[in-house]
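Student: Here's a structure for you.
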Amino acid sequence: MSQTKAAAPAAAAAAPPTGTEAEPFDVFLAMRKRRMHRDFRPEAVDEALMERLVYAAGRAPTARADLRHLVVVTDPRMIASIRQVCPGWLNNAPAMIAVCTDTRLSDELIGPGGVPATLMDSGAAAAYVSLAAPPLGLGICWVTSWPEEAVQGALYLPDHIRPDILIAIGHPVAQPPLAPRRFKPVVHRERFGSEPAA
Ligand SMILES: Cc1cc2nc3c(=O)[nH]c(=O)nc-3n(C[C@H](O)[C@H](O)[C@H](O)COP(=O)(O)O)c2cc1C
């Protein structure tokens, strides 16, 4: 595994990075454009764009403060280590954000209910990143298929920090076609089992 000097951890930006307030964008357009991308151009993702994705992840709802950790990875050697240990990494993204949970603090603050709550937290953070990506011209892919210890080792995570979702990030080569069936949940009105809403 390559040895990369870790930067000091930083709390998710308290002040929004440049551009998050000024530029209007339609969240419904972002929802329509959002897809998982696996084919990326080789160029690096600008730090300012990564910062905006970190901001998006930090704005997602959370069961408790301080449980969520983000590991931002842009070093090609670190990405290569991840690709090596992660069978679900089916993309060639040059960057990544790992959404992780402090399980020790979660046990302390929430107890056993902390497991589903923190997984929901991580899903919400990854969903926010997914919606922030299209207006920034970025594509992302969630990756969750891995041996946990291997990802922990590759990212130098302590035992009490659980990796939940790796978000591969880059400039997509093309927009994949829509998969319409995937976006149609079974909808019930007022009670389960009623006629699905039209
Ligand atoms: C919880 C979850 C886990 C996923 N895990 C992986 C994964 O390990 N590797 C991968 O390439 N895609 C993964 N995906 C992406 C799905 O395969 C993707 O949503 C699917 O291909 C449909 O693409 P779409 O979201 O663009 O419609 C995951 C998605 C979700 C929601």
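Student: Which semi-axes, in whole Å and largest first, does the equivalent ellipsoid of the range 106-198 have when worked out from the alpha carbon gyration tensor as the square roots of 5 times its eigenvalues? Working shown, then result.
Tutor: Numbers: eigenvalues 173, 118, 26 Å².
Equivalent ellipsoid of the range 106-198: 29, 24, 11 Å, largest first.
Student: Quick check on the exposure proxy: order 128, 156 from fewest to most C-beta atoms within 10 angstrom. Each step should come with its number before you reach the end.
Tutor: Details: 128 18, 156 13.
The most exposed by this proxy come first: 156, 128.
Student: In bins 5 Å wide, starting from 0, what share of all Cα pairs of the range 32-174 does each bin hold, as a percent?
Tutor: Final binned percentages: 2, 11, 21, 23, 21, 13, 6, 2, 0.
Student: Using the number of other C-beta atoms within 10 angstrom as an exposure proxy, rank 96, 31, 36, 78 with the fewest first. Before the final figure, lay out each step's value.
Tutor: Values: 96 27, 31 13, 36 16, 78 20.
Fewest to most other Cβ atoms nearby, the residues stand as 31, 36, 78, 96.
Student: Turning to a different aspect of this structure: Each residue of the range 122-137 in order: what ³J(HN,Hα) in whole Hz does its phi give by Karplus 6.51 cos²θ - 1.76 cosθ + 1.60, θ = phi - 60°, with x for Gly and Pro?
Tutor: Computed from phi, the couplings for the range 122-137 are 5, x, 5, 4, 5, 5, 4, 4, 4, 7, 6, 5, x, x, 8, x Hz.
Student: Could you tell me the calculated FRET efficiency between residue 74 and residue 25, based on Cβ-Cβ distance and R0 = 25 angstrom, to the nearest 0.05? Intermediate values should be presented prior to the final figure.
Tutor: Details: r = 24 Å, r/R0 = 0.96.
Step by step, r from the Cβ atoms, then E = 0.55.
Student: Using a/c under 1.5 as the rounded threshold, could you call the range 102-159 rounded, prolate or oblate? The axes a ≥ b ≥ c are square roots of the C-alpha gyration tensor eigenvalues, and prolate needs a/b larger than b/c, oblate otherwise.
Tutor: On the way: a/c = 2.73, a/b = 1.46, b/c = 1.87.
Oblate is the answer for the range 102-159, as a/c is 1.5 or above yet b/c matches or exceeds a/b.
Student: Here's another thing I want to ask about it. The range 52-83: which trypsin sites (Lys or Arg not before Pro) are DSSP loop and have at most 13 other beta-carbon atoms within 10 angstrom?
Tutor: Numbers: sites: 52, 59, 64, 68, 77, 83; in loops: 64.
Listed in order of number, the matching sites amount to none.
Student: Once the cut-off is 20 Å, how many percent of the Cα-Cα pairs in the range 24-98 end up in the long-distance tail?
Tutor: Values: 1230 of 2775 pairs.
Result: 44 percent of Cα pairs exceed 20 Å.
Read-outs: derived from the displayed coordinates by stated rules, not from any lab. Computed from a predicted structure; not experimentally measured. No Cβ is skipped: glycine too gets one built from the backbone with ideal geometry, and neighbour counts run over all protein chains shown.
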